[in-house]
4 protein chains.
Amino acid sequence: MEYRLLGRSGLKVSVISLGGWLTYGGHVEKQKTFDCMKAAFDAGVNFFDTAESYAGGQSEVVMGECIRKYGWARNELVISTKINWGGAFASKGHAENSVGLSRKHIVEGLSASLGRLGLDYVDLVYAHRPDRLTPMEETVRAFNHVIDQGKAFYWGTSEWSAEEITDAWRVADRLGLIGPVMEQPQYNLLVRDRVEREFYNLYAKHGLGLTTFSPLKMGILSGKYNDFKIPEGSRLSSSSDAFTKSMRAKFDTDEEMKKQINTTKRLEAVAKELGITLSQLAIAWIIKNPNISSVITGASRPEQVLENVEAVKHADKLTPEIMERVEEIVDNKPQLESRRFA
Amino acid sequence: MEYRLLGRSGLKVSVISLGGWLTYGGHVEKQKTFDCMKAAFDAGVNFFDTAESYAGGQSEVVMGECIRKYGWARNELVISTKINWGGAFASKGHAENSVGLSRKHIVEGLSASLGRLGLDYVDLVYAHRPDRLTPMEETVRAFNHVIDQGKAFYWGTSEWSAEEITDAWRVADRLGLIGPVMEQPQYNLLVRDRVEREFYNLYAKHGLGLTTFSPLKMGILSGKYNDFKIPEGSRLSSSSDAFTKSMRAKFDTDEEMKKQINTTKRLEAVAKELGITLSQLAIAWIIKNPNISSVITGASRPEQVLENVEAVKHADKLTPEIMERVEEIVDNKPQLESRRFA
Amino acid sequence: MEYRLLGRSGLKVSVISLGGWLTYGGHVEKQKTFDCMKAAFDAGVNFFDTAESYAGGQSEVVMGECIRKYGWARNELVISTKINWGGAFASKGHAENSVGLSRKHIVEGLSASLGRLGLDYVDLVYAHRPDRLTPMEETVRAFNHVIDQGKAFYWGTSEWSAEEITDAWRVADRLGLIGPVMEQPQYNLLVRDRVEREFYNLYAKHGLGLTTFSPLKMGILSGKYNDFKIPEGSRLSSSSDAFTKSMRAKFDTDEEMKKQINTTKRLEAVAKELGITLSQLAIAWIIKNPNISSVITGASRPEQVLENVEAVKHADKLTPEIMERVEEIVDNKPQLESRRFA
Amino acid sequence: MEYRLLGRSGLKVSVISLGGWLTYGGHVEKQKTFDCMKAAFDAGVNFFDTAESYAGGQSEVVMGECIRKYGWARNELVISTKINWGGAFASKGHAENSVGLSRKHIVEGLSASLGRLGLDYVDLVYAHRPDRLTPMEETVRAFNHVIDQGKAFYWGTSEWSAEEITDAWRVADRLGLIGPVMEQPQYNLLVRDRVEREFYNLYAKHGLGLTTFSPLKMGILSGKYNDFKIPEGSRLSSSSDAFTKSMRAKFDTDEEMKKQINTTKRLEAVAKELGITLSQLAIAWIIKNPNISSVITGASRPEQVLENVEAVKHADKLTPEIMERVEEIVDNKPQLESRRFA
């Protein structure tokens, strides 16, 4: 396993990490969750990601259970959670302070997360999406507060804009507080603009580190939809949550998705040539970007974990020539603004 | 004339202002320039805008001459210039420090501008486009330096992104310096995204004031291209600068421009109904946006000045119902991100 | 016993202290460790030094046991530990965050050290060597955090360069945090450059206090190698750790070591003349340097402790004349750069 | 000519610059000085370096005269001077405040330099060597003062240690002042330690830019001493200043110099192979280091200027293979300390 510093911090995270989104605590049964996490840990993964909102809190519960089951030492693990959407933990009609990034919800939400995880602290706590109703100063102060209380070591953001991250640093710099060290955006061969263009200035300026999600773009880059059909028995064919439903609806109508599947088919040829799977190509391609500290992968079976972890070894196969060919296929390289106008 | 505070400052600017871009010092002869400026001044306009790069410095020269010619008192005027592109003022092969936003060029460039204007100070100095090679701290410090030296009263930006403006405030807040008070973006019925969506947070957060350019979108919104032809004898038909040439080239090929002209024709019907000119409708519509401090207009004849200034009086005619109809015609209302994700 | 302020702090440390490096928890059996520590305590030593990495944590365990065994009051003791190398406390392949000076390891490492010591807090916590991968701000904040949490009273460094200590103060000064109060370098008659030249500015500027290690230069200055042989039955003759092995290897080949032993033999004559042992001469010489707060000595037998402590009484015998003779023998006085170039 | 940003600033300096040390105002006659400076300017050099102490102030006098003679615009030039040794400008016995880096001498010294140069401001002002008698805060404040007064745009240091530069930033950071942007060290194929090892952390941390002097190591790297003799008629054979005398004395006795000449002879073979002169090889080698903003060269004849400037074009000839061979010949690559001890 390769370990990278999390942005401009001293924390080392495995370049492949395992996340609980849409899987653990939900449709993946408990023993399978344990198997996946153990396979990951044994393969050198040290970073496990969850959120208060994943499976209504059950993702944290089952991931915490796994840590205790195998007796992993706390210093061997990097555990993260995310705060914003804790609506599931309040009775209907009284959830108004269980969402957002107020001091109240950051403190209460993180405490509840730690309770579900059975931990004294997480390593990383993320602001799960921006909350534009709460003043930035309150949010920055609250994350510093939980760090001071020893309940987290670092704080970051998820799906914030470059302006919002800069604004958080503005407040932190003015007050001598700790700014956001990491951001968790979507990033994959099909979605690149934010990471490669919008965040361009933030890497050197604030040492922003990225832990990216959706490396396979909801599975499209695994090639499993290459027949333009939802495979029977897949989660997408059966799950009933709103997110999955909206994904399903796109299959018949969405021109963009058709284009993405066509792109995926061309990428498959490259993967085959390199002797690796399409998923491995997709993950290895992300790893080549030095601004990415860790690729958060999802898995419902241990074999998937191993396939994903294997991608690290294959990263060297993505030579400049291969990268060039991939670039031509995806044809979506973000255009950087010129550095000086003259 | 209506006067508005320039963002969160105490300076009052006429809501209609007169700029020298592409006109004064260039193809508009000197006496016509004087006539336009006098018409504006007499109609209550107090704010005149120029830049070191307009007509290779000649815009500043002639506008300064006009001020002295009519003996206008300094306290009756708000004069702005913009620094970034001073390449015209260095011999070939030695212009490398005559562009950009280094301390050297901000100080030297502004001094040279004041020399051409024949003034001791400007009221406003803008960073004419961002310079991403110069550290933000150097630029913020340099604008504060020229303010401390008494050579400008306020500093702002032109065509910067929300992230860049926020970053300027980050530096200013940390060092206890003055941040950018105003921004000068393009804004009109056809180009709205930056002003209405991207800058959305900046008005309340930093008190950003806007002085907008291109209210008629290079003349399109005056209706003069409604026949899909360049009128004979117009500047566009004859001028040979690169900018004009590229505009001209678009007339035959650009689908976007055709669409804009069609939109303009539908707007013309609304203007007719209100008994005002199309230009007045376009300017009055901008004035309705309370985040705009001043609309910088261009004019090569005094009659145009008066037509533009007249728009102020007609702003009341743009009732909520009319605004709704305009919205339907232009069909480009920027989508704000929801204020909270839940 | 003489007590000195620890640099520019209000803490008083005995000028002779006892450290656990290469001895306690390792090859020195437990009862001997207790005897040494008791002899020291009874002789007025109040400062005991250890580290998370000494004997894989066993140094802390046994020293903590001793404190409880004799029921010494916490307020009578100054206890230090050092954080950086906690690799022994993670399973193979998962030690990446158990070394270095990240917030995670400083917090987790110190907590584990306190657990092994059986203490609620240490008086001093050192950064055991620099960690150039972790941003200085993170390290300075983390040491302040553990001080805020009540887990340590002061923080310092060990074997950092003058630039690195200055950089820590830069961060601390900017953020209004506590900077490093003490540094723990090697210092003895044979190794002087860092303490006397490189750190020269730091004593007055930051009030840097020194707690020095290796007063006898790994035993050379005790005279026990004066026959150019490793004495039978000594630790050096039998121990198998990498450090000891490399020391042993030098005896046959290292010209530098031969030179040092020759110097030692000449010093022995001076000691004899003063009626003290060579070790006492070596320790008394260090004590004469007012920038040294405490000399950390090692001992595997109580008699050694008493011999070392005795050196304090003999310091007065090192008159200016004797100091001059010693200077001639060691012939290694660091050359200070002139204070002004003219 | 290639232009580089001066460290983390927005100022562009030509990668080859021309300095007045040991030449202008001294043994090089005035017309020759003008010829050299004109040749440099015409070849694209924009940066000219001098100091209050060069030729007792005459270097500044003659260089200022040249600027006026050719009517070069101020915005086309980057002019630097250095303050510390102004002893020549006070009568004997009253020079105590004409040296050093006190507020008094920085202000008075720079004013006098500007007077000799006939300029309102320099672009760069250097602290010529550290002054360890003056508190760092006074020096940092004084350089900020002259910048605030408009008498310089940037300040830096010359031959300061990494600790001293870090300490200047400590003071600047605490007070919100401007820190040193550039340092002027000796740097060439024979003297590398400070630039490549000691300053290693400063490039990323503070954006330190370097303007290096002595690219040919007092001429040795030009090959002119390859016969182990001082060429007749050279400055070294005749000049009587203390510096030159001490250089001359080394020729007979200094083993180090003999070794350097032998190294130079081996480098000559490489230069020949590349079809460039030895001086060009030496200068091109410096240019390959991206931390160097500008190489300050000396010249007493215009042909030398052109030979030096030409080196820029030849930099590409120093392929990785050639760089490797040069490394083997000079055999003095500084050893970086490991980034983390584990």
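The values are calculated or read from the model by the stated rules, or taken from the named source; none is laboratory data. Being a predicted model, the structure only gives us computed values, none of them experimental. Cβ coordinates were reconstructed from backbone atoms using ideal geometry, including for glycine residues, and neighbour counts include every protein chain displayed.
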- Query: Quick one: how many residues across the stretch B:61-86 are assigned to a helix (DSSP H, G or I) and not aliphatic (A, V, I, L, M)?
  - Reply: 9
- Task: Scan the stretch A:145-171 for residues that are within 9 Å of chain B (Cβ to nearest Cβ), part of a helix (DSSP H, G or I) and of a type outside the set (Asp, Glu) and jot them down.
- Result: A:Ala162, A:Ile165, A:Thr166, A:Trp169, A:Arg170, A:Val171
- From the set of residues in the stretch C:72-88 that are modelled with pLDDT under 95 and surrounded by fewer than 21 Cβ atoms within 10 Å (Cβ to Cβ), which is nearest to C:Val107 (Cα to Cα)? C:Gly87
- Query: Does the stretch B:87-97 hold any residues that are assigned to a loop (DSSP other than H, G, I, E, B) and either away from chain D (no Cβ under 12 Å) or in contact with a strand residue (DSSP E or B) (Cβ under 8 Å, 6 or more places away or on another chain) (or both), and which are they?
  - Reply: B:Glu96, B:Asn97
- Query: Hey, any hits in the stretch D:315-330 for a residue that's more than 14 Å from chain C (Cβ to nearest Cβ), touching a helix residue (DSSP H, G or I) at 6+ places or on another chain (Cβ under 8 Å), basic (Lys, Arg) and assigned to a loop (DSSP other than H, G, I, E, B)?
  - Reply: no
- Query: So which residues in the stretch A:29-61 are touching a residue at least 40 places away in the same chain (Cβ under 8 Å) and β-branched (Val, Ile, Thr)?
  - Reply: A:Val45, A:Thr50, A:Val61
- Going through the stretch C:172-192 one residue at a time, which ones are more than 26 Å from C:Pro135 (Cα to Cα) and part of a loop (DSSP other than H, G, I, E, B)? C:Tyr187, C:Leu189, C:Leu190, C:Arg192
- Note on the structure: Going through the stretch B:135-144 in order, the residues found to be within 11 Å of chain D (Cβ to nearest Cβ) and assigned to a helix (DSSP H, G or I) are B:Met136, B:Glu137, B:Glu138, B:Thr139, B:Arg141, B:Ala142, B:Asn144
- Please work out which one of (1) within 8 Å of another protein chain (Cβ to nearest Cβ); (2) under 20 Å from the mean Cα position of the chain (by Cα) is the condition B:Leu77 fails and give its number. (1)
- For the stretch B:100-115, enumerate the residues that are buried (at least 24 other Cβ atoms within 10 Å of the Cβ), under 26 Å from D:Pro180 (Cβ atoms) and either more than 7 Å from chain D (Cβ to nearest Cβ) or polar (S, T, N, Q) (or both). B:Ser102, B:His105, B:Ile106, B:Gly109, B:Leu110
- Residue match in the stretch C:254-269 (condition: assigned to a strand (DSSP E or B), more than 14 Å from chain D (Cβ to nearest Cβ) and at pLDDT 95 or above): no
- Task: Check whether at least one residue in the stretch A:277-284 is surrounded by 12 or more Cβ atoms within 10 Å (Cβ to Cβ), in contact (Cβ under 8 Å) with a residue 60 or more places away in the chain, in contact with a strand residue (DSSP E or B) (Cβ under 7 Å, 6 or more places away or on another chain) and within 14 Å of another protein chain (Cβ to nearest Cβ), and report yes or no.
- Result: no
- Please find, among D:Gly223, D:Gly207, the residue that is modelled with pLDDT under 95 and over 12 Å from the mean Cα position of the chain (by Cα). D:Gly223
- Message: So B:Ser214 ticks every box in (1) more than 23 Å from B:Leu18 (Cα to Cα); (2) at pLDDT 90 or above; (3) small (Gly, Ala, Ser) but one. Which box is left unticked?
- Response: (1)
- Query: Where residues in the stretch D:4-25 are closer than 21 Å to D:Cys66 by Cβ and out of contact with any helix residue (DSSP H, G or I) (no Cβ under 7 Å at 6 or more places or on another chain), which of them is surrounded by the most Cβ atoms within 10 Å (Cβ to Cβ)?
  - Reply: D:Val13
- Query: without any contact (Cβ under 8 Å) to a residue 60 or more places away in the chain, under 24 Å from C:Gln184 (Cβ atoms) and away from every other protein chain (no Cβ under 14 Å): does that describe C:Glu307?
  - Reply: yes
- Task: Could you give me the residue pairs with C-beta distances under 6 Å whose first residue belongs to the stretch D:197-220 and is in contact (Cβ under 8 Å) with a residue 40 or more places away in the chain and at the interface with chain C (Cβ under 10 Å from one of its Cβ atoms), whose second residue is part of a loop (DSSP other than H, G, I, E, B) and of a type outside the set (D, E, K, R) wherever it lies, and which are 6+ apart or on separate chains?
- Result: D:Leu202/D:Leu208
- Task: Scan the stretch A:155-199 for residues that are of a type in the set (Phe, Trp, Tyr) and under 22 Å from A:Lys288 (Cβ atoms) and jot them down.
- Result: A:Tyr187, A:Phe199
- Selection status of C:Lys69, surrounded by fewer than 24 Cβ atoms within 10 Å (Cβ to Cβ), away from chain A (no Cβ under 14 Å) and among the basic types (Lys, Arg): yes
- Message: I want to confirm something. Restricting to the stretch C:172-192 and keeping residues that are more than 15 Å from the chain's Cα centre (by Cα) and within 14 Å of chain D (Cβ to nearest Cβ), which single residue is nearest to C:Gly7 (Cα to Cα)?
- Response: C:Pro180
- Task: Kindly indicate whether any position in the stretch B:116-134 is at the interface with another protein chain (Cβ under 7 Å from one of its Cβ atoms), of a type outside the set (D, E, K, R), surrounded by fewer than 21 Cβ atoms within 10 Å (Cβ to Cβ) and touching a residue at least 12 places away in the same chain (Cβ under 8 Å).
- Result: yes
- Count - residues of the stretch B:193-238 that are part of a loop (DSSP other than H, G, I, E, B) and either closer than 24 Å to B:Ser80 by Cβ or in contact with an Asp or Glu (Cβ under 6 Å, 6 or more places away or on another chain) (or both): 10
- Item | Residue in the stretch D:1-42 that is nearest to the other protein chains (Cβ to nearest Cβ), counting only those that are aromatic (Phe, Trp, Tyr) and closer than 30 Å to B:Asn84 by Cβ | D:Tyr3
- Item | In the stretch C:40-64, residue nearest to C:Gly118 (Cα to Cα) [restricted to those that are buried (at least 19 other Cβ atoms within 10 Å of the Cβ) and among the acidic types (Asp, Glu)] | C:Glu60
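From C:Val312, C:Val295, C:Val330, grab the single residue that is in contact (Cβ under 8 Å) with a residue 60 or more places away in the chain, surrounded by 22 or more Cβ atoms within 10 Å (Cβ to Cβ) and not acidic (Asp, Glu).
C:Val295
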- Considering residues of the stretch A:27-60 that are out of contact with any Ser or Thr (no Cβ under 7 Å at 6 or more places or on another chain) and in a loop (DSSP other than H, G, I, E, B) only, the residue farthest from A:Met182 (Cα to Cα): A:Glu29
